[in-house]
1. Output the residues belonging to region A:204-258 that are of a type in the set (D, E) and open to solvent by 50 Å² or more (accessible area, probe 1.4 Å).
2. Which number in (1) outside any loop (DSSP other than H, G, I, E, B); (2) within 11 Å of chain B (Cβ to nearest Cβ) marks the one condition that A:L39 misses?
3. Could you check region A:177-211 and list, in sequence order, the residues that are in a loop (DSSP other than H, G, I, E, B) and either under 11 Å from the mean Cα position of the chain (by Cα) or free of Cβ contacts under 8 Å to residues at least 40 places away in the same chain (or both)?
4. Scan region A:101-160 residue by residue and report those that are of a type in the set (G, A, S) and over 21 Å from A:E191 (Cα atoms).
5. Among the numbered criteria (1) open to solvent by 10 Å² or more (accessible area, probe 1.4 Å); (2) in a loop (DSSP other than H, G, I, E, B); (3) of a type in the set (A, V, I, L, M), which one does B:L318 miss?
6. State whether one or more residues within region A:135-149 are in contact (Cβ under 8 Å) with a residue 12 or more places away in the chain and among the basic types (K, R).
7. Quickly run through region A:71-88 and pick out the residues that are at pLDDT below 90 and either surrounded by 19 or more Cβ atoms within 10 Å (Cβ to Cβ) or under 20 Å from B:V282 (Cβ atoms) (or both).
8. It is to be established whether one or more residues within region B:268-281 are touching a Lys or Arg at 6+ places or on another chain (Cβ under 6 Å) and at the interface with another protein chain (Cβ under 10 Å from one of its Cβ atoms).
Amino acid sequence: MRQEKSDKADGLQSSEVIIEIQNLHKWYGEMHVLKDISLTVQKGERIVVCGPSGSGKSTLIRCINRLEEHQRGRIIVHGVELNNDLKNIEKIRADVGMVFQHFNLFPHLTILENLTLGPMWVRKVPKKEALETAMYYLDKVHISEQAEKYPSQLSGGQQQRVAIARSLCMKPNIMLFDEPTSALDPEMVKEVLDVMISLAREGMTMIVVSHEMGFAKSVAHRVLFMDFGQILEANTPEEFFGNPQHERSRLFISQILH
Amino acid sequence: MRTENQKFKSVSTENVKPPAVNIGLIGWIRTNLFSSWFNSILTVITVYILWKTIPPFVQWAFIDSLWFSTGAECHEAGGACWSVVLKNFRFILFGFYPHDQQWRPLLAMGMLIGLLFFSRNRNHWNIYLAYSWMLGLLLMGFLMKGGILGLVPVESIQWGGLPLTLILSVFGLTAAYPLGVMLALGRQSRLPIIRSLCIVYIELIRGVPLISLLFMSSVVFPLFFPEGVTFNKIIRAQIAIILFTAAYIAEVVRGGLQAMDRGQYEAAESIGLNYYQTMRLVILPQALKIVIPPSVSILISAFKDTSLVVIIALYDLLKTTQSTLTNPEWMGFSAEAYLFIAIIYFICCFFMSNYSRRLERELNRSNR
């Protein structure tokens, strides 16, 4: 428990705002999936977003790096506003890393090639340097011995760790995680969460869509509960899991505890 | 519960050899030829048909056949007259190319086959191979055309036979593939104008037979050119073949693109790759691998379709054979002549499909 407290204490000395979302709306055709979302994220802050499926939580974080387009409202990442300007989108994508539920590694490339692709083509880093960075991060996610293999030769947990390393190779300031452990076999969840926790200790700004209560309790500054495309409750993890305020969050927590 | 456990224990965990029923020649015949009464009947019928056809064919093709005779002697004899091929060998292969200059197309074909053979190995695929192809094709062109370095100029009207078939195919296929890929990408484009243009092009071309395209290229298009401007007939046919094949390639490649997981696009975008990089580095390498088998079918049929240029009086392999057969001396030996060119076509197509299977296997090995 003491360890968990100290994890959280470090993050938020600065009050620099890194992501600002104002009155965000999004529709899929006629369906209103995000309704008037406003959210401010500070540098170094760790946020866990949870909620039932279809509540809009994945859509929200996918809006932050423009995998989804929003129709109304503003998103400002590191002082750059996300709009149709391709230059801005490129800037923001280079600054925001994303980890997907199904890893989405490139199956035709080796692990090392997966990691060097972005740095070499987007950041124009020389090959030698890109390889060094890749090996550094592979080492960090404890998987450097698999560097020459192809993704399909790795287990799910290993693939997800590679995916995290791939994002880190782009040296992002913000990391988004879209249900990073929900496609994994139970025995592999811990190895991925451990990597994420160590990332959190280094002060990375993280927004994590996840139902992993232990993870939320140990690293999150805030837990957001979403349903019907709205943020219904935002609270510290202790308060949220111990004493949920909203009726829907009470129901949700009772469901995931079973 | 306990009884079941005991049952499990009584079974040995060691591997046991399969029963020896289907071992040996008799076993093989039984399992493969007479496994059921229906299969037995099929076997008997097949053996009967083979018995009725193979010996007469061998008799005709090899025992009673004539190889180095004149046409008149052939008409006397009952067997196959391979002389029609051997006596007209050079005309069938090279058409009206000047007799004393035929070493040039022969050399050009040798270069082409050499290049193709060298390109078989994927380890050789690099920028130098691309340069040597460009250089090689240029050299072949000069060899055929002449007019420099003391080579007698030979007009393209006189080109014919196998070199013409190979030129039309190799240029046609290598130009059609990239064009087809671009059309497929265009068809998926977010820009409505590009997308509709590509759809119109693809559907229009797929809606007409190649023959009509060839006719258009040789008869209709020249009407639009100002007087005096003429385009080489071979080039016009070549363009028609390229445009035609590209539309089919585009549809096949589109299938591969649609089979790609959306997550691949998203992952590429999220690490900041732009559209061009996403396609070149992530999507196309995977999508094109999926479509190797259908692409090769298209390439094979395009190769065979080059024989349709007969219709606009280009002397390709099929046309030179036909002209040989109109010679009164050799009239009536079409079976032999056509068998011969069928063998040439078969060898080319066989190598193509064989190579595609090898390529597929190699690509699968490198990323399971």
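1. Initial filter on region A:204-258 (of a type in the set (D, E)): A:212, A:227, A:233, A:238-239, A:247.
A:E212, A:E238, A:E239, A:E247, listed by residue number.
2. It fails just one condition, (2).
3. First, pick out the residues of region A:177-211 that are in a loop (DSSP other than H, G, I, E, B): A:179-185, A:202-204, A:210-211.
Hits for region A:177-211 are A:E179, A:P180, A:T181, A:L184, A:D185, A:E202, A:M204, A:S210.
4. Taking region A:101-160 and keeping what is of a type in the set (G, A, S), we get A:118, A:130, A:134, A:144, A:147, A:152, A:155-157.
Hits for region A:101-160 are A:G118, A:A130.
5. Result: B:L318 fails condition (2) only.
6. The first filter runs over region A:135-149 and keeps only residues in contact (Cβ under 8 Å) with a residue 12 or more places away in the chain, leaving A:135, A:137-138, A:140-143, A:146-149.
Restricting the remaining residues to those that are among the basic types (K, R) gives A:140, A:149.
The answer is yes, given that some residue of region A:135-149 is in contact (Cβ under 8 Å) with a residue 12 or more places away in the chain and among the basic types (K, R).
7. Matches in region A:71-88: A:L82, A:L86.
8. So the first thing to find is which residues in region B:268-281 are touching a Lys or Arg at 6+ places or on another chain (Cβ under 6 Å), and the list is B:272.
Restricting the remaining residues to those that are at the interface with another protein chain (Cβ under 10 Å from one of its Cβ atoms) gives B:272.
Yes, because at least one residue in region B:268-281 is touching a Lys or Arg at 6+ places or on another chain (Cβ under 6 Å) and at the interface with another protein chain (Cβ under 10 Å from one of its Cβ atoms).
The values are calculated or read from the model by the stated rules, or taken from the named source; none is laboratory data. What you see is a predicted model, and the numbers here were worked out from it, not measured in a lab. Note that we place each Cβ from the backbone using ideal geometry, even for glycine, and neighbour counts take in every protein chain shown. Note: areas computed on protein heavy atoms with side chains; ligands, DNA, RNA excluded. Shrake-Rupley method; radii C 1.70, N 1.55, O 1.52, S 1.80 Å.
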